[in-house]
Each structure stands twice: as structure tokens, then as C-alpha cells.
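Notes to accompany the following structure.
The values are calculated or read from the model by the stated rules, or taken from the named source; none is laboratory data. The shown structure was predicted, so the numbers you read here are calculated from the model rather than taken from an experiment. All Cβ positions, glycine included, derive from the backbone under ideal geometry; neighbour counts span all protein chains shown. In case anyone asks, the SASA skips ligands and DNA or RNA and just uses the protein heavy atoms, side chains included. Shrake-Rupley method; radii C 1.70, N 1.55, O 1.52, S 1.80 Å.
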Amino acid sequence: MNSGGHGPIRIPDRVVVFDYGEVISMSQSEHDRLALLGTASQTAEAFWPVYWRHRDALDKGELRVVEYWRAVADELGVSWDLPTVQRLWAIDFRSWISVEPGTVRVLQELHDGGTRIALLSNAGFDFGDAFRNAPFATLFERIFVSAELGMLKPDAEIYRHVTSELGIEPAQLVFIDNKAVNVEGATALGATGHVFTGVAELRGFLDSLAAEA
């Protein structure tokens, strides 16, 4: 029994694959969001649509970090020097690195139960080493980062790649993501999916799979 008071979760013959952002990670804090706006000298209305508009290119590996921030600056009609880009990157990176303890506890419960687990995140190259050196990485069989693959969720090819690398059929994949469209991309291939809304709901879903095994 672990410190959270829950026992191991055993789901044999399946691999449970987790998204990272806002499933394992916390949402961006208001402090970090304001720090980004202050460093960029932008309003929320101007900044956030542009920040997200170029994110897929970053997460697919088409843009590196400096190129991403320069693309954001260009669309905003501003110019940021390298020290400013460094600060924007550092704040942004920090804003996604804090994790939800409850989710990590669930990962531990799955690992303790002998359930195979892996990570699949839409993220830039800069997160690859961070994921692999994080304490939670000791629980994962594999870590897949979209930029390194040149693919993005919810494209079917990324799920096919992951299942092939894990040596399983799509029907053996259990996929957890906070975005319904990403879950639907996996379930369209025959996977079992769960849209993450909270730790309690996640544990209930996994417990139900374990009870069926």
C-alpha cells in the first residue's frame, strides 16, 4: 500500500499511455501566465492566440525554441532580443514542469501492479530530456515526444507508431489525455480511451479496467 492509501492497479495485457500536459502536469499558474505577458509586454488578448497558433509547429519539431518565439514576435509585430527570448522560454518551460501529485500516485499504483505504462506528449525537443530525467520517468517503459517523432496527436500515424514500438495491437492500448480530440484519435484505431478531468475519475476508470481483467 502506498502513501496515498491505494493499492496497486493491475491491468494485464494492456499498455496505459499517458499524455503529459494537464494530465501529469499542472495547468499553467496565473503567476507564470502573468510573467509571460509582462516579459512579452503584451496583453492577454494579443498574446495567447499567437502563442498557441505556433505551438503545433514547435511540438511537431518544425520549429526550434528560438524560431518559435521569433515566429510569435513576428506575428505580434515586435522584436525580442535573445535575452528576452531566453526569459520567455524559461518562464514557459517552468509553467509546464510542475506535476499533479495525484496523477503521479496513480502512475506508481499502475507500476506497482505490474501494468505497463508509457508517455506520449505533444511537446517540443526541449522537453525530451526533462521527461526522461524526471523522477516519474522511472515508472515508464517508454517516453514518446512528438517533436522527436515529427508527428502530432491526434494524427493516426503517431498512435500506430507508439503501438508498434510497444509491440502491441491498438486494441491493447489504453490512452489517457485531457483533450477529447486526442483520445478520439486513439479510439478510432480501436484503443480504449479516457478523457482526463481529474485524478478521482482517472482512478475509477483504471480500477474498472482492472476489475474486468
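Observations
- Extension gain for Glu184-Ala211 works out to 7.4 nm (0.36 nm per residue, less the C-alpha to C-alpha distance).
- Put a dot 7 Å past the Cα of Leu149, heading toward its Cβ, do the same for Gln86, and the two dots end up 3.4 nm apart.
- Stretch gain in nm, segment Asn133-Ala156, where the contour uses 0.36 nm per residue and the Cα spacing is subtracted: 5.5 nm
- Taking every DSSP helix (H) stretch of at least 4 residues in the chain, weighting each as -39,500 (n - 2.57) and dividing the sum by the residue count yields a mean residue ellipticity at 222 nm of -15500 deg cm²/dmol.
- Using alpha-carbon coordinates, inclination of helix 44-53 to the longest axis of the chain, degrees: 60 degrees
- Per residue, the solvent-accessible area of the chain (1.4 Å probe, heavy atoms of protein chains only, all protein chains present) comes to 46 Å².
- C-alpha center-to-center spacing [segment 192-208, segment 130-177] in angstrom: 18 Å
- For semi-axes √(5λ) of the Cα gyration tensor in Å, calculated from these coordinates, the label among (i) 25, 19, 17; (ii) 30, 21, 17; (iii) 33, 19, 14: (iii)
- Here the Gaussian network model covers the chain, with springs between Cα atoms less than 10 Å apart; of Arg203, Arg55, Arg87, Arg87 fluctuates the most.
- Stretching the chain fully between Ser79 and Val66 yields a gain of 3.5 nm (0.36 nm per residue, less the alpha carbon separation).
- Environment charge at Glu62 (Cβ cut-off 12 Å; Lys +1, Arg +1, Asp -1, Glu -1): 0
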